[in-house]
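Asks: Please find one structure pasted underneath; my questions will follow.
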Amino acid sequence: MQSKQNQEDQEQINQSEEPKKYEFKFGVHKNQKDLKLQQQLTVNGGDVFSLRYDQDDQYLAVGMSEGLIHLFNQNKLVHTLEQFQTPVTALRWRPNYGLKAKGILVSANAEGHIIHWHAHSGKQLHKIVEENNSVLCLDFNFDGSLFATGGKDFCVRIYDDDIKSVQHQFQQADWGQRGHANRVFVVKFIPDQPNILISGGWDANVLIWDIREKQCVGQFYGPSLSGDSLDFSVKRQLILTGSHRTENQIQLWDWRTRKFYQEIFWTGNQSDDNRSYYIYATQFNKANEDFIYAGSSGVHEIKLFSLKDGQAKSSILGLPKSILSIDQMNTTDSIVFSGIEGIVNIFKA
């Protein structure tokens, strides 16, 4: 972690730098919802691999490809956390639940380190190392008692957050054993079911895990996930997936039947032959699960889609580089997104 003087120097640099200016272009849609730029945050340390608001929208954590984590309070830089010179692959805030300490950020990186940070002080509280693994994703259950990780070794691990140790490890696929057969890029707890987890990655399988039964209790084949592109709607009982490929990128799956439910076409046209959209990030609108956000690394666009007709209602077009991460605030309709450019964009929907 930086010394106080280094932190002050970094704050002065970031405050003095003007964001790289470019003109945003917006699509025109039927029943359009307007997006308005609120702020741009310039960050150093390479590409933005992960970003996440805490549940009160006070803090925004931004993880970089060169290992830095920038921590903003009300969009003002307060800490730059230095872990290792290896990509920050995932960020999650531990839920503020019960008597647990508040403002705890957990990061994962490509060297297998899982680190708990105290947001207010910027101090490292605890570090776990998954030996010989790159941790590519993590998520908490709703009360913060458990968190899960996935990564390069095809395994999904469940940690007890109180004692910071593995409670159970779901092994990779083997003869007669369901599991992942390639890298795991996303894990997601079902919000209202603290012991149920879903995961996905490069093997094009989405697996459903029951922690109490210590086994896979369901799966479906299809989505090839390469980023934080798996989400769940409690209201609609749907799983949302965004695949980094040339077809069937944005899809919805029925939670009850584990069957395909709906496809969202990037241009709204099923016959569109331009399939270079490549989705790294997608998310249900937190305030209204009738809408979803998605970011394209192929054509460098952000879109808000309605599930009622499958059509885009807002879009930001012609962004300079690929979109790798999206998050929506928990208390407003504002969204934040970034990727391969070192600028964090905050828009009001």
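Here, each number is a calculation from the coordinates, and none is a lab measurement. As the structure is a computational prediction, the values presented were derived from the model and not from experiment. All Cβ positions, even for glycine, are placed from backbone atoms using ideal geometry, and neighbour counts span all protein chains on display.
Asks: Name the shape class, rounded, prolate or oblate, that the alpha-carbon gyration tensor gives for region 246-349, where a ≥ b ≥ c are the square roots of its eigenvalues, rounded holds for a/c under 1.5, and otherwise prolate holds if a/b is larger than b/c and oblate otherwise.
Replies: Working: a/c = 1.80, a/b = 1.18, b/c = 1.53.
Taking the square roots of the gyration eigenvalues as a ≥ b ≥ c, region 246-349 is oblate.
Asks: Another one. Quote the relative contact order of region 136-259 in percent (integer), defining contacts as alpha-carbon pairs under 8 Å separated by 6+ residues.
Replies: 17
Asks: Still on this model: Where q = 0.11, 0.12 Å⁻¹, what log10 of I(q)/I(0) comes from the Debye formula for the chain, counting one point per Cα?
Replies: -0.69, -0.83
Asks: Classify region 50-145 as rounded, prolate or oblate from the Cα gyration tensor: take a ≥ b ≥ c as the square roots of its eigenvalues, call it rounded if a/c is under 1.5, otherwise prolate when a/b beats b/c and oblate if not.
Replies: Oblate shape, in that a/c is at least 1.5 and b/c is the bigger or equal ratio.
Asks: Can you tell me the FRET efficiency between residue 204 and residue 33 if r is taken as the Cβ-Cβ distance and R0 is 45 Å, rounded to the nearest 0.05?
Replies: 0.90
Asks: Something else: Could you work out the relative contact order of region 43-348, using alpha carbon pairs under 8 angstrom and six or more residues apart, expressed as a whole percent?
Replies: 11
Asks: Once you treat every alpha carbon in region 295-339 as an equal point and sum by Debye, what is log10 I(q)/I(0) at q = 0.21, 0.31 Å⁻¹?
Replies: -0.75, -1.10
Asks: If you stretched the chain out fully between residue 181 and residue 55, how much longer would it get, using 0.36 nm times the residue separation minus the C-alpha to C-alpha distance?
Replies: Roughly 42.0 nm would be gained on extension.
Asks: Considering all projection directions equally, how large on average is the shadow of the alpha-carbon convex hull of region 116-214, in square nanometres? Mind showing how you got there, number by number?
Replies: Working: hull surface 27.5 nm².
Here the figure is 6.9 nm², rounded to one decimal.
Asks: Peptides 64-71, 328-335: what's the order by average Cβ count within 10 Å, highest mean first?
Replies: Ranked from most to least packed, the peptides come out as 64-71, 328-335.
Asks: Would you kindly state how much longer the chain becomes between residue 217 and residue 44 on full extension, computed as 0.36 nm times their sequence separation minus their alpha carbon distance, in nm to one decimal?
Replies: 58.0 nm
Asks: Which whole-number percentage describes the relative contact order of region 206-293, with Cα contacts under 8 Å and a sequence gap of 6 or more? Intermediate results must be reported in sequence, preceding the final value.
Replies: Details: 163 pairs, mean separation 22.0, N = 88.
Reported as a whole number, the value is 25 percent.
Asks: Also, quick follow-up: Could the peptides 251-259, 275-283 be put in order, highest first, of the mean number of other beta-carbon atoms found within 10 Å of their residues?
Replies: Per-residue mean Cβ counts within 10 Å order the peptides as 275-283, 251-259.
Asks: Set the Förster distance to 45 Å, then compute FRET efficiency between residue 73 and residue 174 from the Cβ-Cβ distance, nearest 0.05.
Replies: Numbers: r = 46 Å, r/R0 = 1.03.
The value I calculate is 0.45.
Asks: Pull out the extension gain between residue 97 and residue 237, defined as 0.36 nm times the separation in residues minus the alpha carbon to alpha carbon distance; nm, one decimal.
Replies: Numbers: separation 140, 0.36 × 140 = 50.40 nm, distance 2.41 nm.
Additional length available on full extension: 48.0 nm.
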